[in-house]
Structures are given as C-alpha cells and as structure tokens.
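A short worksheet on the structure shown next.
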Amino acid sequence: MGISTFPADSSSQIASIQEGYVGIASGLSSGSGQDKFYYDVTISAVDTTKAVATVVGSFSFTANGEGTYYANYASSAIVPYARLTSSTNLRIHTGNPNGSPRLMCSWKVVEYA
Amino acid sequence: MMRYAQINTNSICIAVSNLKGEVTAAHMIPIADDANPIGKKWENGTWNDVATPITYRTINKMEAIKLVITHAGMDAAAEEAMYDDPNLSLLWKRWNNWVPYDDINRDKPDVAEFLGGLIAAGHMTQAQVDALMADWPKVGG
C-alpha cells in the first residue's frame, strides 16, 4: 500500500501551465503579515479552486540602508512564496525580511482540469 | 503561450511571464519568445537600458586612511605629521573612539567631519577630497 499520488497519466489532468520570473532591483510593495513585501504578477485567468501557484527558485538580497547588500543565507533568508489572490493575480510575497529586500524568483501556476 | 513583460509604474520591466492566453493591460507588454527585457525601460515602443545608480560601499578604517594618503599624495613624513598634528587631536580621538572599524560610510557626517578636519589642518585640499569622494569604492566595483 502506498501513498496516493497523481494518476499515471497525470499530464492529462493539467489544463494549463503558466510560468515566468520576477527580477526586482527595488520597489517591492509593502504590506503587513505575510505580505510585508510583495509583488503582484498579472496572469491569464485561472480557476483558483483548481490552480496551484509555486515559487520554483529564488535569490534575494537585503540592503542595510547604507549602500551595502547582503546575499541571504539560511538563517536570515528571504523566502518568497506565491499565492493566487484572484483569478488573474499571482502574488509573490514574503513576510520575514527587514530592510529593503531585492528579489529574483521564478514561478509557476498549474491549473488542473 | 503568450509572452509578456510586466512593467512597473516607472515603466521598468520587473517580470517576464509565459501566459496561457492573451492579456490586455497597459502594464503588460507582449514580447518575443526569446526576449528578456528585465530591468529595461519601456519608452515609446522600445526597450531602453537604464543607467544604474552608483552605490558606494562601506569601507573600513584602513581603507579610509589609504584613500586619504593616496589622494593627498602623502609620503611617510607627511603621513606621520598628519597623525601627530595637535590640531587634529580631537578629530583622531573621535575617529578612534566613535567610528566603528569597518563601518565607514561615504555619506555619514563623521566622514565629512574627518575630511573637513584634514582640509582645515592643511593636510588635504578640497580638490583632493573631491577626488577621494569620487574614487570611493563602489558596490561591485
């Protein structure tokens, strides 16, 4: 007995895949909580009840306000997440950094049939 | 697949997306499949490079003193005279006690005070200080 996963022919269950990347030198929007810093990406409309958004890979910096930039490492990493805030909006967001983060990441939105 | 560049309010491309269908929005610019205009500015229908602002890095005291010596053209005697100048007694005390070793920031007041003191005491000229500031180490430089 194993763990239930996708059907063998899982590709037939996928309605669409959208992907892209974000490269922001500065200017992330500021909010609160998990949206302390975020950027909204416009996508083609998906059914949010059947779609999954993920960050595939990322790289980030934090500026200390005095012109110095630090690549983030494990203990203070800026970890970006992705979620759909509407059928046409993907939000790349992070709640943990201080300072002014610079963020680069790739993302994917998979919509299932 | 439709490929778009997403621009921010300054018309700078900050995202490239491969979308499943057409999107009509002022901030979504259709681009070729192999185009990557990240960081470029969308102006009058073309992507233009944006000048990168200069960012100066924080240096340590040894680097700062070397900048002074180099730009003032000091030999060993002139360097020693600078250290021993009684007119700079307070300046050196502040430099040694107030300024962290590895946190010399070009735009902080203590740098201006320090260099201003060297000018006032005749160890540097304004032109030499200007040249020093222009040569201040840069991020990535």
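The values are calculated or read from the model by the stated rules, or taken from the named source; none is laboratory data. All values derive from a computational prediction rather than experimental measurement. Quick reminder, even Gly has a Cβ in these numbers, built from the backbone with ideal geometry, and neighbours come from all protein chains shown. Surface accessibility is based on the protein's heavy atoms, side chains included, excluding ligands, DNA and RNA. Shrake-Rupley method; radii C 1.70, N 1.55, O 1.52, S 1.80 Å.
Numbers for the structure displayed
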| item | result |
| --- | --- |
| Failed criterion for B:N18 (all others in (1) under 21 Å from A:S29 (Cα atoms); (2) open to solvent by 30 Å² or more (accessible area, probe 1.4 Å); (3) within 7 Å of chain A (Cβ to nearest Cβ); (4) not aliphatic (A, V, I, L, M) hold) | (1) |
| Single condition B:V23 does not satisfy, out of (1) away from chain A (no Cβ under 14 Å); (2) open to solvent by less than 50 Å² (accessible area, probe 1.4 Å) | (1) |
| Check on B:A77, farther than 29 Å from B:W136 by Cβ, over 30 Å from the mean Cα position of the chain (by Cα) and not hydroxyl-bearing (S, T, Y) | no |
| Hits in region A:56-77 - residues which are away from chain B (no Cβ under 13 Å) and at pLDDT 80 or above | A:G57 |
